[in-house]
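Beneath this line is the structure, given in structure tokens, with notes to follow.
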Amino acid sequence: MTPLIESEGLTKTFGATPVLKGVNFSVAPGEFVCVWGPSGAGKSTLLHLLGLMTPPDGGTLRLFGEEASTLSAKKAAEMRNRKIGFLFQFHHLLPDFSVLENVMIPLFLRGESKTDARRQALPILERLGLGHRLSHRPAETSGGEQQRTALARALVVEPALVLADEPTGNLDRENGGKVEDLLEEGVRARGAALVLVTHNEALARRADRRLTLVDGRLI
Ligand SMILES: Nc1ncnc2c1ncn2[C@@H]1O[C@H](COP(=O)(O)OP(=O)(O)OP(=O)(O)O)[C@@H](O)[C@H]1O
Ligand SMILES: [Mg+2]
């Protein structure tokens, strides 16, 4: 089976600080991989590289069997929108749009009509317990509701690969647990892959593999 992610010698330096010093990484379809590491180790940087949001300085990155580190910005955005769901460390919802609209946006970006986007966004929001918050702006919802909206936005296009950056770091245990369950279920049920950065031990134990980012390398 072709790996969804294959990276070799991936590097990233900010200014004079090398953050990633040669990351070798492979993820198969259906896998749930957890990435650990101390604060500042480069976990978010790595996810941004894998999600084609930041280009690497060196090394190779293949996503879905395609060379991805040399894609044009346009092609990278296309691949991201078609195949990757990203759940940020901080949710990054668009403040001027409603909960429902935030979840419809990835579908608009794929060229779907308003009616089709709505038809797909509604059930996932209902399932995440947000059916009564559809027309609220993110700022008018709770932290847990915002994180669940971000989860709905990441999963609504049924991405082959979900990248999640400590999605529950700033939630209480109950809301955090709910988002984690839904994330794992949502990904596993479809046989998609999940790469998750977390400090939460209980969550990490549920992963198929745990990797640690130390000194710019994954071990
Ligand atoms: N855009 C940037 N410009 C300069 N330095 C950056 C940039 N992004 C990250 N860094 C630096 O790279 C290092 C790794 O940052 P990163 O956000 O990847 O860490 P992290 O492992 O996700 O940490 P945390 O667990 O606190 O979220 C940090 O020292 C940070 O200051
Ligand atoms: Mg981080």
- Lys/Arg +1, Asp/Glu -1 at C-beta; the chain dipole; positive extreme among Leu10, Thr60, Val35: Thr60
- Task: Calculate the spin-label point distance for Ser113 paired with Ala202, positioning each point 7 Å from the Cα along the beta-carbon direction, and give it in nanometres.
- Result: 4.5
- Taking the highest mean first, how do the peptides 83-91, 135-143 order by number of other beta carbon atoms within 10 angstrom per residue? 83-91, 135-143
- Message: Let's see if you can work this out: charge +1 on each Lys and Arg Cβ, -1 on each Asp and Glu Cβ, no other charges. What is the dipole magnitude of the stretch 25-137 about its Cα centre, in debye to the nearest 20?
- Response: 240
- Go ahead and estimate [θ] at 222 nm for the chain from helices alone: -39,500 (n - 2.57) per DSSP H run with n ≥ 4, summed, over the residue count, rounded to 500. -11000 deg cm²/dmol
- For the chain, fraction of C-alpha pairs farther apart than 30 Å, in %: 21
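Report the charge-dipole magnitude of the chain in Debye, nearest 20, computed about the Cα centre from +1 at each Lys and Arg Cβ and -1 at each Asp and Glu Cβ. All intermediate terms of the calculation are to be shown ahead of the outcome.
Values: 27 positive and 26 negative charges, 51 e Å.
Dipole about the Cα centre, nearest 20: 240 debye.
For the chain, what is the percent of antiparallel DSSP beta bridges, rounded to the nearest 5?
On the way: 17 of 34 bridges.
Within the chain, antiparallel bridges account for around 50 percent of the total.
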- Message: With an 8 Å Cα cut-off and a minimum separation of 6 or more residues, compute the relative contact order for the chain in percent.
- Response: 31
- Query: With each label point set 7 Å from Cα along the Cα-Cβ vector, what nm distance links His136 and His92?
  - Reply: 2.3
- Query: What ranking do 66-78, 154-166 get when scored by the average of other Cβ atoms within 10 Å per residue, highest first?
  - Reply: 154-166, 66-78
- Charge dipole of the stretch 115-205 built from unit charges on the beta carbon (Lys, Arg +1; Asp, Glu -1), centred at mean Cα; most positive-end Cα among Val195, Ala160, Gly177 is Ala160
- Query: Sequence-distant or interchain residues sharing an amide H contact under 5 Å with Phe32, placed H: which?
  - Reply: Leu194, Asp208, Arg209
- Distant-in-sequence amide H partners of Val19 (H built 1.01 Å from N, under 5 Å): Lys12, Thr13, Phe14
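Throughout, read-outs are computed from the coordinates displayed, never taken from laboratory work. A quick note: this is a predicted structure, and the numbers were derived from the prediction, not measured. All Cβ positions, even for glycine, are placed from backbone atoms using ideal geometry, and neighbour counts span all protein chains on display.
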